[in-house]
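Data first, discussion second: the structure below is written as structure tokens.
What follows draws every value from the coordinates through simple rules; no lab data is involved. Just so we're clear, the structure is a prediction, and the values are computed from it rather than from any experiment. Cβ atoms come from the backbone with ideal geometry, glycine included; neighbour counts cover every protein chain shown.
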Amino acid sequence: MKLIMAEVFNSWQGEGGSVEGSAFGRRQIFVRFAGCDLNCAWCDSREYIDPSRVSRWRYEVEPFTAKFEYKPNPAELEDVVDAVLRLDTGDIHSISYTGGEPTLQVKPLKALMERMKSLGFDNFLETHGGLPELIEEVAPLTDYASVDIKDETARATEDWRSLVLREVESIRILREAGVKVYAKLVVTPETKIENVRWYAELLKGLAPLVIQPREPIEICQRRLMDLYREAALILGRKNVGLSFQVHKYLNVL
Ligand SMILES: C[S@@+](CC[C@H](N)C(=O)[O-])C[C@H]1O[C@@H](n2cnc3c(N)ncnc32)[C@H](O)[C@@H]1O
Ligand SMILES: Nc1nc2[nH]cc(C(=O)O)c2c(=O)[nH]1
Ligand code: SF4
Ligand SMILES: [Mg+2]
């Protein structure tokens, strides 16, 4: 089975903060799929959005070396499995499936998740959640999930409100499948407080929320705390947390 891959590397989860379901600070092997159907203005994986421009994929040869070997795309699933297993350092909390958007290649994604489960690994899905019908397919194989709520300022797609509703639907599907799921909202200085209220009302009783400043950070602390407080007053003070992309500060993948 073939897939369009971006990279495989070993690091620790740098996002998610401390809410229920987060794997922040845990060792993970990351499998980054190429291709995405959205176009977030601040995407830090932009080079992988158009799969036709990802002619080869890379896999780290040793953890924390950022030394890579390359293979052409489309990748063979077995080669991806080998790349993951050679990075197993014995302390891996879970395998993170990210991208680009991993659910767009749902057949190879499922095959990979099944294989890793059979090898004793837990599966962590990092998704924009915009495709609930595909989330339905992978939910039974998923142990943890981070689902983005794409704020209006992400400009991820034309009809951003219906995208948010689909993302909440994906969270519901994952929750009902017993997945430890949380929502992640990337905020900017232009994020509107009334939109945060709307997201929090949609998520109430469904999943905790992490608020993650867009990197590079421009939002001021005061504004960040105001958005946080607004969400916490609706979701409950134990159901909101901050998340920073800590790996970027420590200059690891
Ligand atoms: C690159 S995305 C891939 C997974 C999926 N397509 C998604 O958007 O959730 C992985 C995570 O990085 C976050 N991210 C990407 N660029 C970012 C930036 N500039 N600042 C903060 N978070 C960012 C996304 O919000 C998402 O939670
Ligand atoms: N260390 C580390 N943590 C991450 N959490 C989410 C990431 C992503 O790109 O999906 C990511 C990533 O790229 N690196
Ligand atoms: S959905 Fe994820 S991969 Fe796609 S553009 Fe947005 S942040 Fe980037
Ligand atoms: Mg990243």
## Note on the structure
Plugging the Cβ-Cβ distance of residue 193 and residue 78 into 1/(1 + (r/R0)^6) at R0 = 45 Å yields, to the nearest 0.05, a FRET efficiency of 0.35
### Task
For residue 221 and residue 155, calculate 0.36 nm times their separation in residues minus their Cα-Cα distance, and state this gained length in nm to one decimal.
21.5 nm
### Query
How do the peptides 182-194, 78-90 rank, highest first, by the average count of neighbouring beta carbon atoms within 10 Å per residue?
182-194, 78-90
## Note on the structure
Within the chain, the cysteines whose Cβ lies no closer than 4.7 Å to any other cysteine Cβ are 36, 220
### Task
Determine the relative contact order of the chain: mean sequence separation of Cα pairs under 8 Å and six or more apart, normalised by residue count, in whole percent.
20
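Taking a threshold of 25 Å on the Cα-Cα distance, which of the pairs 67/180; 2/248; 150/248; 184/238 fall above it?
67/180; 2/248
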### Task
Express in whole angstrom the spacing between the alpha-carbon centres of the range 157-181 and the range 223-253.
19
### Query
Among 20-32, 57-69, how do they line up from the highest to the lowest mean number of other beta-carbon atoms within 10 Å?
20-32, 57-69
### Summary
Calculated from DSSP helices alone, with each H run of at least 4 adding -39500 (n - 2.57) and the total divided by the residues of the chain, [θ]222 nm to the nearest 500 comes to -9000 deg cm²/dmol
### Query
Using alpha carbons only, what's the Rg to Rh ratio of the range 120-253 with Rh from Kirkwood?
0.96
### Task
Using label points projected 7 Å from each Cα along Cα→Cβ, tell me how many nm separate residue 67 and residue 52, to one decimal.
3.7
### Query
For the range 2-184, what is the percent of antiparallel DSSP beta bridges, rounded to the nearest 5?
40
### Message
To the nearest 20 Debye, how big is the dipole of the chain about its Cα centre, given +1 on the beta carbon of each Lys and Arg and -1 on that of each Asp and Glu?
### Response
480
### Message
Could you work out the relative contact order of the range 130-253? I mean the mean sequence separation of Cα pairs under 8 Å and 6+ apart, divided by the number of residues, in percent.
### Response
23
### Task
Please give the length that would be gained between residue 247 and residue 91 if that part of the chain were fully extended, namely 0.36 nm times their separation in residues minus their C-alpha to C-alpha distance (nm, one decimal).
54.4 nm
### Message
Tell me the angle of helix 160-176 to the major Cα principal axis of the chain, expressed in degrees between 0 and 90 and rounded to the nearest ten.
### Response
70
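Could the peptides 118-127, 96-105 be put in order, highest first, of the mean number of other beta-carbon atoms found within 10 Å of their residues?
Details: 118-127: 19.3, 96-105: 24.4.
Averaged packing, sorted descending, gives the order 96-105, 118-127.
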